[in-house]
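I have placed the structure first, in the form of structure tokens, so that the comments after it can refer back to it.
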Amino acid sequence: MKQDENHATFPQFPESYWLASTDIPSFPKPSEDIQVDVAIVGAGITGITTAYLLSKKGLNVAVVDAGRILHGTTGHTTAKITAQHDLIYSEFLSHFGKEKTRLYYEANRDALQFIRQTVEEYHIDCQFTEEDAYVYTCADTHVEKIADEYKAYKELGIPGRYVEQTPLPFSTKAAIMMENQAQFNPVPFLRYLANQVIQQGGKIYEQTTVAGVEQGNPATLNTSDGYKITCNHVVSSSHFPFNDPNALYFARLHAERSYVLAVKTDRTYPGGMYLSAETPKRSLRSVLIKGEPMVIIGGEGHKTGQGICTFQYYEALEKFAEQTFGLKEIVYRWSAQDLYTLDKLPYIGQELSDVSNILVATGYKKWGMTTSVAAALLNTDLITRKESPYRDLFTPSRFHADPDIKTFVTQNANVAKHLIAGKLEISYKKAEELQQDEGAVIRVNGKRAGAYRDPQGTLHLVDTTCTHMGCEVEWNEAERTWDCPCHGSRYSYQGEVIEGPAKKALGKVESE
Ligand code: FES
């Protein structure tokens with residue numbers, strides 16, 4: 001389906017408002033070997049905040065990113081800063097008990113407080129506003145779940161209220177509200193922190209892939225350009241961990257994509273941040289774009305590389321916007337990728353239990369604004385104080401029989417299914433049948449190949465075998481990318497890596 005013919009109201013290409021509205025400085029590649037106290041791989045909210053905290057404490061840091069800073073999930077979030085992570089507390093109480101669930105809440109509450117205090121103290125202009133957060137339901141099937149969550153709030157001492165009707169302009173059956181949460185534009189906030197890293201003597205490098213790490217004390221990172229970064233500690237904050245020696249993250253994480261629209265509406269937005277308890281998920285918040293109030297609508301999550309025609313997800317959000325608020329204009333559209341762990345708790349801390357100087361932070365589900373800051377605070381404590389009250393809760397080497405085993409089996413059966421299905425898939429489409437701005441799996445010289453004809457008519461051919469572990473990538477028509485259904489690697493239409501775990505580009509294919 002060609003979106004410019006059938007979806008005239010959509011911007012033709014995805015673009016995040018957060019990135020489009022903020023000038024971000026560029027940073028060089030390394031031009032020599034580097035020696036620092038801490039090397040941080042990945043310059044999203046986790047990496048930049050960790051670098052800020054450590055450099056403020058006087059440590060010498062270097063942050064290295066494979067692309068541009070803040071251009072991963074951080075730049076594509078809905079940017080809600082809240083400890084209300086869907087209906088998580090009643091579930092966590094039953095799996096992990098009261099003490100650990102309370103710690104999870106406190107880690108995220110403290111992360112919100114860190115952002116609030118930093119914005120206030122340094123007068124950072126980033127559209128930070130306090131909002132109440134709601135999880136609501138319009139379905140009878142979910143009323144009891146909301147009631148259970150409210151019971152969990154009371155047991156844990158979380159400030160909140162149970163209500164039947166939210167301020168939204170449609171009727172709801174039940175909702176749970178968490179007071180005084182917040183929203184912002186993360187990019188100017190993090191641009192401030194990145195500037196502070198530089199002021200505090202730290203270094204930031206872009207367009208630099210870390211090819212591997214030599215464990216030891218000090219540890220050594222090898223960059224793709226042949227330089228070495230020697231350091232006492234390594235922090236992996238590259239979304240999917242850049243280094244997976246024996247930790248098997250590819251089998252313990254799965255990737256999901258979701259979609260976002262920023263829209264002008266007929267009806268006035270009532271304030272607050274909202275999430276539906278039932279699927280399809282609907283996430284709502286307000287935003288000011290060039291001084292004009294607009295609504296951000298997110299939702300429609302699915303496993304990466306396993307979606308239907310991806311433009312249909314944007315269309316579903318468009319329909320919801322029209323029905324709920326009256327749609328005047330879609331100003332921006334973008335999508336995000338999130339990683340899920342087996343037990344829904346993030347992996348933060350020592351990557352391997354017997355290697356104390358390589359730390360990791362990943363698996364935030366869709367709640368990266370607070371969890372990333374909680375991760376930065378925790379890893380900073382582990383590096384500087386060797387201790388933290390959250391160490392055991394988030395340790396990546398934990399294992400819970402329930403729910404880890406069940407999720408592990410389901411998830412890896414899904415990977416095996418896609419590994420085989422991709423090899424058997426037959427495509428009869430020919431390159432000459434592709435219209436401009438259309439991509440598809442085709443056959444070239446009898447073999448599966450990925451083809452995209454760009455708006456100028458040039459055909460781009462790639463080998464569709466993912467360079468991570470050999471699954472077959474699928475075309476994502478809304479984003480013009482090749483996405484892997486197994487562990488979520490993504491590639492541009494020319495085959496370059498956009499998201500790991502893959503590190504190598506897709507192979508090239510010569511046309512017939
Ligand atoms: Fe693992 Fe593609 S991401 S095989």
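Structure notes:
- Across the chain, Cα pairs under 8 Å and at least six residues apart give a relative contact order of 17 percent.
- Normalised Debye scattering of segment 1-154 at q = 0.13 Å⁻¹ gives log10 I(q)/I(0) of -0.92, counting only Cα atoms as equal scatterers and leaving out solvent.
- Note on segment 170-295: Cα Rg divided by 2.2 N^0.38 Å, N the number of residues, gives 1.55.
- Carbon + sulfur, % of accessible area of the chain - ligands and nucleic acids excluded, 1.4 Å: 49
- Near residue 320: Cβ cut-off under 12 Å, other residues only, Lys/Arg at +1 and Asp/Glu at -1. The net charge is -1.
- Each 10 Å bin, from zero up to the one with the longest distance, holds this percent of the alpha carbon pairs of segment 254-401: 10, 32, 25, 20, 11, 1.
- Residue-averaged [θ]222 nm for the chain, counting only DSSP H segments that reach four residues, each worth -39500 (n - 2.57): -9000 deg cm²/dmol
- Antiparallel DSSP beta bridges within the chain, as percent of all bridges there, nearest 5: 80
- Rg and Dmax of segment 1-86, Cα atoms only, in Å: 17.7, 56
- Dividing the Cα radius of gyration of segment 69-179 by 2.2 N^0.38 Å, with N the residue count, gives 1.19.
- Membrane-span-like helices in the chain, defined here as complete DSSP H runs extending at least 27 Å along the helix axis by their C-alpha atoms with mean Kyte-Doolittle hydropathy no lower than -1.0, are 401-424; this is a sequence and geometry rule, not a statement about a membrane.
- Disulfide-incompatible cysteines by the Cβ rule (no partner under 4.7 Å) in the chain: 126, 138, 231, 309
- For residue 56, the lysines whose Cα falls under 28 Å of its own Cα, not counting residues fewer than eight places away in the same chain, are 29, 80, 203, 228, 386.
- Exceedance of the 21 Å cut-off in Cα-Cα distance is limited, within the set 303/366; 344/366; 303/430, to 303/430.
- Gyration tensor (alpha-carbon) shape descriptor, segment 47-107, a/c threshold 1.5: oblate
- Considering only the Cα atoms of the chain, their convex hull presents on average a projected area of 23.3 nm².
- When Rg and the Kirkwood Rh are both derived from Cα coordinates, the Rg/Rh ratio for segment 196-258 amounts to 1.02.
- Solvent exposure of the chain as accessible area per residue, Å², 1.4 Å probe: 41
- Neighbours of residue 222 by Cβ distance under 11 Å: Lys/Arg scored +1, Asp/Glu scored -1, total -2.
The values are calculated or read from the model by the stated rules, or taken from the named source; none is laboratory data. This structure is a prediction, so every number in the text was calculated from the model and none was measured. Methodologically, a virtual Cβ is constructed for each residue, glycine included, from the backbone with ideal geometry; neighbour enumeration extends over all protein chains shown. Accessible surface areas use protein heavy atoms only, side chains included; no ligands, DNA or RNA. Shrake-Rupley method; radii C 1.70, N 1.55, O 1.52, S 1.80 Å.
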